[in-house]
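The values are calculated or read from the model by the stated rules, or taken from the named source; none is laboratory data. Bear in mind the structure is a predicted one, so any value in this text is a computation, not a measurement. Here the Cβ positions follow ideal geometry from the backbone for every residue, glycine too, while neighbour counts run over all protein chains shown.
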Amino acid sequence: MTSATHPVDQILPIRQMLTLGLQHMAVCYIGAIAVPLIIASALKMSQADTVVLISTTLFCSGIATLLQTVGFWKFGVRLPILQGVAFSSVGPVIAIASTPGVGFAGVCGAVIAAGVFTMLAAPFVGRMRRFFPPVVTGCIVTVIGLQLFPVAYEWIGGGREAANFGAPAFLSVAAAVVVTILLVNRFGSPMLRNLAVLIGMLVGALLGFMLGMGDFSSVQDAPWATVPYPFYFGVPTFALIPIATMMVVMTVQMVESMGLFLAIGDIVSKPIKEKDVINGLRANGLASTIAGCFAAFPFIAFMENVGLVILTGIRSRWVVAVSGVLMCLLALTPKAGAIIAATPTAALGGAAIAMFGVVAAAGIQTLAKVDYEHNRYNVLIVGFTISAALVPILTPALFTQLPEWTQPFLHSSVVIACLVAVVLNALLNGLSSPNKAALESAPHSL
C-alpha cells in the first residue's frame, strides 16, 4: 500500500500550473528587479548595463528557484520557495563595486567565493536545526509578516518616491484590489479563488491605468530580447576583503534562510529535517556561485510567494518551479518584463496587504499551539523576540552606534528573531530535540 502524495509534491494539470506559476511570478517581479535597479542606480550604470543586470538577476533567480523547488542530489530543500536577491546584499555590493581597483568584477568574485563557502559551511550550520522548536519558528513567521507591512504601506501610498504619496486615487486602487480578493474568495469557484490575487492585481491595474497611473516609458525603451551570458563585466577577480565581506553577508543569510526553511515547512505542513536544511543551504550556495558568474547576487526566499501559498492553499512546489522557468524566460524578453513593471504600485500594495497579512497570521497560528500555561518561559521568549525584532522596522537608528561588524546582523528583523528566539529558548527551556520540543509545546491535559 502506497502512502498518499504530500500536497507539496503534487503535480497539477499543466494549464493550472502555468496560470498559478504566472501569478507567483507576477507578485514577486517588482521585488526581484528592485535590487539590481538600486545597485545600477547607485553605481551610475548605463541603460544597457542596467538591462543586462536585471536580466541576469531574473535569470539566476529562476535557476535558484529551480534548485530549491526541484532540487537534485544533495541540493534543494524541495519546498514551494521562490528565490530572489536578498536586500541585505545591497550595501556590501555597492561598497565593494565602489572600491578603487576592485569594481564589479570584484563583486562577482566575492559572490562566487561566498557561494562556495556557503556550500562547505552548510552541514555545520544545518546541525542547528534542533534549536528551532515551534516557539522559535512561530516567532520567526510572525516577524516575517510584520516586517513586510511597511513595504505594503509604501506601495499603497504610491511608492516612496511619489510626489503625492497617499493620494485618494492610490488608496482607491489598493482598496479595489483588496475588495476584489475578498469577493473572489467569498463567491468565486475553487479555480478563481486560487487566482484571487492575480485577478485583484488586474482589476487594480486597470483602475490605475484609467486614473493615469503606471509608467510605460520603460516598455518603449526596453529591448525585445537579450541573452544573459557569464562574465559580462569581465573575468571575476578575487580579493580578500571583498570575499570576507560577502562571507559575512552569506553567514547572515544562512541563519535567515534556515529560519525561513523551517517556518515555510510549518506553513505547508511538511516537517523539515536537518538534512533538508543542509540541502537548502547548499542550493543557496550553488545559486550564489552561479549568480557570481552571471553578474548577479546572493539569493534568499521571497515571502511574497509564501503569502500566496497560504492564500491559495496550493502548496505544490512544482507550481513555484514553473514560476522559476517563467522568470528565466522573462529574463530573455526585457520588454515583457517592463510591461509587468508598469503595474501601478498601489495595485501591488493592495495585493501585498493580503499576502503579508496571512503570513503574520500563520505565525500567530503556530504560536497559538505553544504551551504558555505550563511553561511560563514561552511567554518571555515570544515577547522579547518580537519586541527586539521590530527595532529595525520601527526605530532603525537605534543600532547605528554599535560596532560596524554587527550591522549586517541587526538590519534584518528575521535574523534578530532567529538569534533572540534561539538563545532565549536554549537558556530558558534548555536544549532538546525537535520532536521533544514539539511535544512540550503541545497543549497538556491536567
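The helices (runs of 4 or more DSSP H) found entirely in segment 1-107 that carry 3 or more residues being farther than 22 Å from Phe294 by Cβ and out of contact with any Gly (no Cβ under 8 Å at 6 or more places or on another chain) are 14-42. Candidates in segment 73-119 are the residues that are free of Cβ contacts under 8 Å to residues at least 60 places away in the same chain and either of a type in the set (Val, Ile, Thr) or more than 16 Å from Ala42 (Cα to Cα) (or both); of these, the one that is surrounded by the most Cβ atoms within 10 Å (Cβ to Cβ) is Val90. Residues in segment 373-422 that are among the hydrophobic types (A, V, I, L, M, F, W, C) and free of Cβ contacts under 8 Å to residues at least 24 places away in the same chain: Val379, Leu394, Ala397, Leu398, Phe399, Leu402, Leu410. Counting only helices (runs of 4 or more DSSP H) that fall entirely inside segment 167-241 and contain at least 2 residues that are touching a Ser or Thr at 6+ places or on another chain (Cβ under 8 Å) and not charged (D, E, K, R), the qualifying elements are 196-210.
Residue-wise test of (1) over 15 Å from Phe75 (Cα atoms); (2) buried (at least 24 other Cβ atoms within 10 Å of the Cβ).
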site	(1), (2)
Pro271	yes, no
Glu274	no, no
Val277	no, yes
Gly280	no, yes
Ala287	no, yes
Gly292	yes, yes
Ala295	yes, yes
Pro298	yes, yes
Val320	yes, yes
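Beta carbons closer than 7 Å, at least 6 apart along the sequence or on distinct chains, pair a first residue in segment 262-283 that is closer than 15 Å to Leu67 by Cα with a second that is polar (S, T, N, Q) and part of a helix (DSSP H, G or I) for Gly280/Gln68; Gly280/Ser257; Leu281/Thr118; Leu281/Ser257; Ala283/Gln68.
Pull out all pairs, ordered by first then second residue, where Cβ-Cβ is under 8 Å, the residues are six or more apart or on different chains, the first lies in segment 211-236 and is over 11 Å from Leu332 (Cα atoms), and the second is at pLDDT below 80 and in a loop (DSSP other than H, G, I, E, B). Going by the 8 Å Cβ cut-off, the qualifying pairs are Gly214/Ala342; Gly214/Thr343; Asp215/Ala342; Phe216/Ala342; Ser218/Ala342; Val219/Ala342. Just to be sure before I move on: is Thr406 modelled with pLDDT of 90 or more, under 24 Å from the mean Cα position of the chain (by Cα) and surrounded by fewer than 11 Cβ atoms within 10 Å (Cβ to Cβ) in the structure I sent? For Thr406, the condition - modelled with pLDDT of 90 or more, under 24 Å from the mean Cα position of the chain (by Cα) and surrounded by fewer than 11 Cβ atoms within 10 Å (Cβ to Cβ) - is not met. Just name the residue that is modelled with the lowest pLDDT out of those in segment 146-195 that are of a type in the set (D, E, K, R) and more than 22 Å from the chain's Cα centre (by Cα). Per the stated criteria, the residue is Glu161.
Figure legend. Inter-residue proximity from segment 159-178: first residues at positive phi, second residues crowded, with 16+ Cβ neighbours inside 10 Å, beta-carbon distance below 9 Å, spacing 6+ or different chains. Indicated pairs: Gly159/Phe170; Gly159/Thr345; Gly159/Ala346; Gly159/Gly349; Gly166/Ile156; Gly166/Gly157; Gly166/Gly158. For first residues located in segment 350-372 and free of Cβ contacts under 8 Å to residues at least 24 places away in the same chain, partners that are surrounded by fewer than 21 Cβ atoms within 10 Å (Cβ to Cβ) and lie 6+ apart or on another chain with Cβ distances below 9 Å form the pairs Tyr372/Val379; Tyr372/Val382. Scanning segment 116-143 for residues that are closer than 19 Å to Pro271 by Cα and within 18 Å of the chain's Cα centre (by Cα) returns Thr137, Gly138, Cys139, Ile140, Val141, Thr142.
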